[in-house]
Amino acid sequence: MIIRPAVLGDLVEVARLCAAHAAYEQAPPVPGNLTELLAEAIAAPHPRLWCLVATQQDTVIAYLTMTLEFSTWCGREYAHLDCLYVDEDHRGLGVGRSLMGAAVTQARDLGVSEIQWQTPAWNADAIRLYDRLGATSSAKRRYLLQTDPPLTA
């Protein structure tokens, strides 16, 4: 298994895994042009997205994506781990742990000292991984508010 930054040629497979991830979390389907959207975010002059992949025999078997966010309370940036997904056939083999290790290195390279993320409360396997890594959790709810149509009072 190789962990490395995604290249544009990986993004069709990353988008396929994103679709599987969305289905796993019972979320709405990913957009049909996700490959192009990811390419724009990763290849921008000032990237908005960092993507790591795990490959086995040149096949992408897992991905992890991060963005940089600013903490008002701390007055500094942190890495927001948006997604971590391992193909079902490759779970339990240390792929997630390896991707998280690479994410820590990537975050340090980006100049941040903290990674934050969320996971569904029912995702016991992910929670077990994060606990084993020494991550701490805080109880919060995640809210989504659509901006179209505009909010009315």
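Just so you know, all these numbers are worked out from the coordinates, no wet-lab data involved. If you're wondering where the values come from, they're calculated on a predicted model, not measured in any experiment. Glycine gets a Cβ as well: all are built from the backbone with ideal geometry, and neighbour counts include every protein chain shown.
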So if each residue of separation counts as 0.36 nm, and I subtract the Cα-Cα distance between residue 44 and residue 105, what length gain in nm does that give?
19.8 nm
Counting only residues 5 or more places away or on other chains, whose amide H sits under 5 Å from the amide H of residue 68 once H atoms are built in the peptide plane?
80
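Tell me, in nm to one decimal, what length is gained between residue 138 and residue 125 on full extension, where the rule is 0.36 nm per residue of separation less the Cα-Cα distance?
Once the chain is fully extended between residue 138 and residue 125, it gains 2.9 nm.
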Neighbourhood net charge (13 Å Cβ-Cβ; Lys/Arg +1, Asp/Glu -1) for residue 87
-1
Under DSSP H, which helices of the chain have Cα atoms covering 20 Å or more of the helix axis and a Kyte-Doolittle average no less than 0.0?
95-109
